[in-house]
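A short write-up of the structure that comes next.
The values are calculated or read from the model by the stated rules, or taken from the named source; none is laboratory data. This one's a predicted model, so the numbers in the text were calculated from it and none came from an experiment. Note: ideal-geometry Cβ built from the backbone for every residue, glycine included; neighbour counts use all protein chains shown. Remember, those area values only see protein heavy atoms, side chains included, never the ligands or the DNA or RNA. Shrake-Rupley method; radii C 1.70, N 1.55, O 1.52, S 1.80 Å.
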Amino acid sequence: MLVNGRWSADWQPVQATDEAGGFVRQVSGFRHWVTPDGGAGPTGDAGFKAEAGRYHLYVALICPWASRTLIARRLKGLQEIVSVSVVDPVLTDEGWRFGDDRGADRDPLQGATYMHQLYTHADPVYTGRATVPVLWDKRTDTIVSNESADILRMFDTGFGDLATDEIRLVPEDLRARIDALNDEIYPLLNNGVYRAGFATTQGAYEEAFRDVFGMLDRLEARLDAGGPFLFGDRLTETDIRLFVTLVRFDAAYFGLFKCNLRRIADYRALSTYLARILTVPGIAETVNLDHIKRGYYSIRALNPACIVPLGPELPWSNGLGSVVV
């Protein structure tokens, strides 16, 4: 991680632990907002007006937080408005790296080798982890946001008429219910798999494990009783948040993160739901199983030899080895 703008040690997956040995995720350090008129958003400073070609999104295709912003960009028709760069899937001792890996890019803006160099370009004394996604402002030459939840909302409404109005990810009549379900799914499932995988005590692991499968069981029942999406016939932000975890579960979390009670393939409604979302135009093109598997299995703390498994067979995975951003 970075300490006062200097890279201090080899990259490690565990950022911090609580008193019980549970995994604690870092709070995002850049929280500005793009808005249609450049006014201030819920956090941060004003001055980031929605403009075509002004903003650039940095993502890792292995990362669910980055992938959900990539999906929102596609669904909102922002491909020609916000440009994208993809980092290498394999994590290095200095974190995310740009390069020539298949499906990855070099940094077109600063010529950076590592993501952490962009952080210190934006803040020379930055302390913290250099995470993705990052939304970059080419005009002011700095980071707008590295908080994926905020970037999701920006892509939904912050770009105004530059984005399509054919879909609204957080419609006003569902906002309170979306926020409430997000607040359930995130700690128990989205972050729950990481709490299980990076737990440093048996007790912390078992608590996270039970949270993960308790949430999956409830979601299975919800979709079995309703659907086709979490809020009926409308695809929303919550579906994106759930999808990015489900699509990685059997390939990575089940084995590497020891979330091995059941696969998503063992859930009838969740399997059907996952396959359904992959048919939504633009979403399958953001999924790269090659990056996902090679990326997760490059985490030496969990897989010292970095051997990537050949399986599992996934019935919905045909054509997901490459990505078009």
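Couple of notes before you dig in:
- Taking 18 Å as the straight-line reach from the Cα of LYS293, the lysines in range (excluding those fewer than 8 positions away in the same chain) are LYS258.
- For region 238-294, diffusion coefficient by Stokes-Einstein and Kirkwood Rh (Cα), 20 °C, 1.002 mPa s, µm²/s: 181 µm²/s
- Hydrophobic, long helices, defined as DSSP H runs whose alpha-carbon span along the helix axis is 30 Å or greater and whose mean Kyte-Doolittle value is at least 1.0, do not occur in the chain.
- Pairwise FRET efficiency - ALA225 versus GLU94, Cβ, R0 = 35 Å, nearest 0.05: 0.15
- Normalised by residue number, the volume inside the convex hull of the Cα atoms of region 1-137 is 132 Å³ per residue.
- Taking the protein heavy atoms of region 83-205 in the context of the full set of protein chains, the accessible area attributed to carbon and sulfur is 45 percent at 1.4 Å.
- Region 203-264 and region 25-93: distance between their alpha carbon centers, rounded to Å: 25 Å
- Region 185-262 - Rg over Rh from alpha carbon coordinates, Kirkwood radius: 1.00
- Cβ-derived FRET efficiency at R0 35 Å, VAL170 paired with ASP45, nearest 0.05: 0.95
- Rolling a 1.4 Å probe across the protein heavy atoms gives the chain an accessible surface of 42 Å² per residue.
- For region 230-325, the calculated P(r) over all alpha carbon pairs, in 5 Å bins from 0 to the bin holding the longest distance, is 2, 12, 24, 24, 19, 12, 5, 2, 0 percent.
- Using only alpha carbons, the chain has a radius of gyration to Kirkwood radius ratio (Rg to Rh) of 0.94.
- Virtual spin-label span in nm between VAL3 and THR127, 7 Å along Cα→Cβ: 0.9 nm
- The candidates LYS138, LYS293, arranged from most to least accessible area with a 1.4 Å probe in the full protein assembly, appear as LYS138, LYS293.
- Once the C-beta distance of ARG300 and THR142 is scaled by a Förster radius of 35 Å, the resulting FRET efficiency is 0.65 to the nearest 0.05.
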